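Below is one structure, written out as structure tokens; comments come after it.
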Amino acid sequence: MRVPINSLLIGTLDLFLCSTFCCQHLLLFSITGEMVPALKSVFLCLCATVSALGTRLPSTTDEYVNILLPATRAINAVLATMPNHHCSVFLLTDGRASANAIFKVIEQIRASGVGLFKVDGQDAMIKQTQFSQVIYEARRLRQVSWCVTVVVVSDDPAFLAAFAEWSLKGRLLVWPTRLLVVTRLPLPELHHLHKLLSMTNSMLLILEKDQGNISCSLYVHLPYSPRGAQTLRVASWTSHRGLALTTHLSLYPDKFSTFLLRPNLVVATERNPINKITSFNDGEGGKGQRFKVTGPMNMLVDYLAKAHNFSYTYMRPPDGSWGHLNENGSWSGMVGMVVRKEADLASGPFGLNENRAKAIDYTAPVLVEDNRLLGARGKPTVDPWGFLLPLAPWVWVAILTALHALPVIKILLDSCFFKISNGQERWLKDTSAYLRILLQQDVSERSYWWEWERIVLGVWMLMTLVLTRSYAGNLMSLLAVRHISEPYQTGQDFLDDPSATMIWVKGSGYKQYIYAAESGTYHTVADLDKEGRILFAPLPEFPRLVDTLVRRGDHVLNAVLMSLRIYMADEFKRKGSCTFYISKEPMRPGDMVMIGQKDNPLVSSISKRIKAMTEAGLFVQWMKMDEPKSTICDHEPRKITVMTSLTLSNLWGMFVLLAAGYVISLFLLCFEVLSVCTY
């Protein structure tokens with residue numbers, strides 16, 4: 001199908017001109033050129049015009065057109081340097097150029113698609129409303145585009161300032177989206193664009209006219225540079241020489257990969273097992289209390305600082321928490337510092353949380369860990385019912401079955417070939433014989449027994465001999481074994497004990513996570529919080545709670561596995577033994593990450609470094625260097641062997657069984673006496 005492009009342009013131009021006299025309408029038009037099967041020559045033009053009531057499009061001067069059209073050649077030169085030639089271009093202009101001039105520019109732009117967004121109006125409030133609508137529509141179009149370059153053309157400082165404000169508010173510019181600001185204003189008058197141009201993947205193209213010749217200079221604003229700092233001129237363009245680089249940098253350099261000015265970033269941090277903080281005083285004349293940070297997380301921050309060429313200053317949150325969402329919509333802790341832009345990064349590490357993801361950006365995972373339960377190991381004790389353990393339950397069932405089955409089989413065989421005078425008396429004698437052999441007592445039999453009866457009896461004696469010898473040997477071994485209690489191996493074990501209390505991190509996303517659960521263990525845990533069985537405490541208080549409440553045995557600590565291992569290692573270094581244990585069942589597996597400001601390109605840049613670091617195993621190695629004994633208690637046995645005297649507390653199960661046998665025999669004696677008296 002072939003559609004004449006000129007006719008479509010004329011039809012669209014008429015609609016474009018008509019929209020100038022409409023009030024607050026957003027119109028989208030598409031122009032499609034030749035349609036080929038591979039869709040390689042598709043020309044897409046999306047035009048969006050927002051006009052204010054009563055505004056009139058300024059007349060276009062020849063000078064403005066003569067400046068705008070040469071700028072298109074410079075724009076094409078910039079677009080030609082991009083590796084991906086299938087990107088779309090969003091052209092955003094003010095109301096100074098006519099529709100005819102704009103369409104001439106669109107015809108000359110070399111791109112797979114061109115979107116036109118135009119904002120008119122003199123009133124500030126009306127222009128703000130128009131900008132919010134235009135940025136919203138441009139963002140929607142950017143989300144469905146493969147790649148986009150936004151080109152803003154204006155000489156109006158107020159227009160450029162409004163674009164800078166609303167593009168940041170509307171999150172139009174992510175790092176893959178390039179921005180090119182085209183203007184004739186000198187650099188000193190563009191100070192209001194400093195934040196936008198320094199924190200986005202953008203360049204500034206300034207048009208210059210010297211004796212009738214048009215030339216351009218392209219500038220890059222370096223990130224974290226102070227307002228008013230000198231910009232970096234990376235290229236120039238003239239109609240005769242074309243585009244020429246003036247530095248070793250390419251167009252649209254990766255400014256966040258390695259900083260040129262070595263800025264000082266603020267990193268929020270707080271004490272945790274892999275991020276140790278030591279406080280000290282400067283003394284007289286100092287600035288008060290300061291602190292020093294060591295540990296694997298500090299090694300990671302130092303690694304990133306050297307790789308990206310920045311210095312850093314640590315700051316701690318006033319409340320000492322990681323950060324949770326308050327009822328008034330604000331954030332506390334380190335997350336709050338990043339959201340309020342008091343800190344550029346927060347070391348954490350943090351667990352992933354849906355609410356946090358709306359306010360900040362996560363880096364690549366530093367470590368993949370899960371939550372476990374930390375409890376106190378019980379004292380070594382002998383199982384009072386240990387005399388039943390040498391034989392498995394099914395072995396006991398088989399012995400009892402054989403004791404009843406063998407006499408029955410013998411009596412049935414006798415009844416088929418011989419006449420028995422007293423069946424009940426014979427049954428009792430046969431049962432008694434097999435039981436006496438099992439208990440290693442003597443057996444006296446009549447001399448007229450047949451050979452097959454002797455064979456059955458002999459096989460039973462051989463089996464009981466092996467069985468009793470095995471039982472005696474295993475029992476001697478088990479009496480020397482001490483069992484160490486580790487009662488809370490799963491979350492359900494904790495829920496089944498009404499006297500147990502669980503400790504969680506205060507000021508983190510855990511509480512929001514368990515309250516958001518609609519089913520499962522965490523949903524039940526949320527109900528226990530209302531009963532007072534959940535204790536929230538700051539993470540720096542965990543070592544003290546482990547040494548007091550958890551050691552007592554009625555509290556368990558829910559924390560990340562790496563933290564629990566360090567608590568156990570500290571205990572081992574103090575006492576030389578593992579007095580705590582970690583549950584077998586993971587409670588909440590997840591990634592441990594750093595966080596940064598929302599839509600800050602620094603986050604994605606350091607994520608690349610973190611991925612390379614984790615793939616090389618550096619962070620795990622740093623953890624081993626910081627705490628070599630972190631895994632020393634991972635495989636601590638639950639049973640130990642000792643050589644000591646047995647006490648009544650170790651063997652009371654046997655005496656309970658003996659007393660139960662005496663009670664049963666006394667009951668049967670009374671029953672027999674009553675039966676005799678009745679007859």
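The values are calculated or read from the model by the stated rules, or taken from the named source; none is laboratory data. The model shown is predicted, which means the values in this text are computed figures rather than measured ones. So basically every Cβ, Gly included, is an ideal-geometry build from the backbone, and we count neighbours across all protein chains shown.
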ask   = Quick check, is Thr401 within 60 Å of the chain's Cα centre (by Cα) and either at pLDDT 70 or above or of a type outside the set (A, V, I, L, M, F, W, C) (or both)?
value = yes
inquiry  = Checking the condition assigned to a helix (DSSP H, G or I), of a type in the set (Gly, Ala, Ser) and over 22 Å from Phe103 (Cα atoms), which residue from Ala161, Ala138 passes?
reply    = Ala161
ask   = Which residues, taken from the range 164-173, are surrounded by fewer than 21 Cβ atoms within 10 Å (Cβ to Cβ), free of Cβ contacts under 8 Å to residues at least 40 places away in the same chain and in a loop (DSSP other than H, G, I, E, B)?
value = Gly170
request  = For Phe159, state whether it is of a type in the set (Phe, Trp, Tyr) and closer than 22 Å to Asp599 by Cβ.
outcome  = no
inquiry  = Condition first: assigned to a helix (DSSP H, G or I) and over 25 Å from Leu207 (Cα atoms). Now tell me which residues in the range 141-158 satisfy that.
reply    = Leu141, Arg142, Gln143
request  = Go through the residues of the range 247-257 one by one and say whether even a single one is aromatic (Phe, Trp, Tyr) and under 30 Å from Val505 (Cβ atoms).
outcome  = no
query = Quick one: what pairs do we get from the range 520-546, first residue without any contact (Cβ under 8 Å) to a residue 24 or more places away in the chain, second surrounded by fewer than 15 Cβ atoms within 10 Å (Cβ to Cβ) and part of a helix (DSSP H, G or I), C-beta under 6 Å, 6+ apart or different chains?
reply = Ala526/Tyr515
Tally, over the range 376-398, of residues that are basic (Lys, Arg) and at pLDDT 80 or above = 1
message = So for the range 510-518 (the condition being under 26 Å from Ser630 (Cα atoms) and surrounded by 15 or more Cβ atoms within 10 Å (Cβ to Cβ)), does at least one residue qualify?
response = yes
ask   = Looking only at the range 324-355, which residues are in contact (Cβ under 8 Å) with a residue 24 or more places away in the chain, of a type in the set (Ser, Thr, Tyr) and farther than 20 Å from Ser563 by Cα?
value = Ser332
message = Looking at Arg241, Arg262, Arg171, can you tell me which residue is basic (Lys, Arg) and over 32 Å from the mean Cα position of the chain (by Cα)?
response = Arg241
remark   = Scanning the range 174-210 residue by residue, those without any contact (Cβ under 8 Å) to a residue 40 or more places away in the chain, among the aliphatic types (A, V, I, L, M) and under 16 Å from Asn600 (Cα atoms) turn out to be Leu179, Leu196, Leu197
request  = Can you confirm whether the range 330-343 contains a residue that is at positive phi and among the charged types (D, E, K, R)?
outcome  = yes
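So that you can scan it fast, the table gives a plain yes or no per residue for (1) touching a residue at least 12 places away in the same chain (Cβ under 8 Å); (2) surrounded by fewer than 21 Cβ atoms within 10 Å (Cβ to Cβ); (3) among the acidic types (Asp, Glu):
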residue: Ala307; (1), (2), (3): yes, yes, no
residue: Pro318; (1), (2), (3): no, yes, no
residue: Trp322; (1), (2), (3): yes, no, no
residue: Ala357; (1), (2), (3): no, yes, no
residue: Asp370; (1), (2), (3): yes, yes, yes
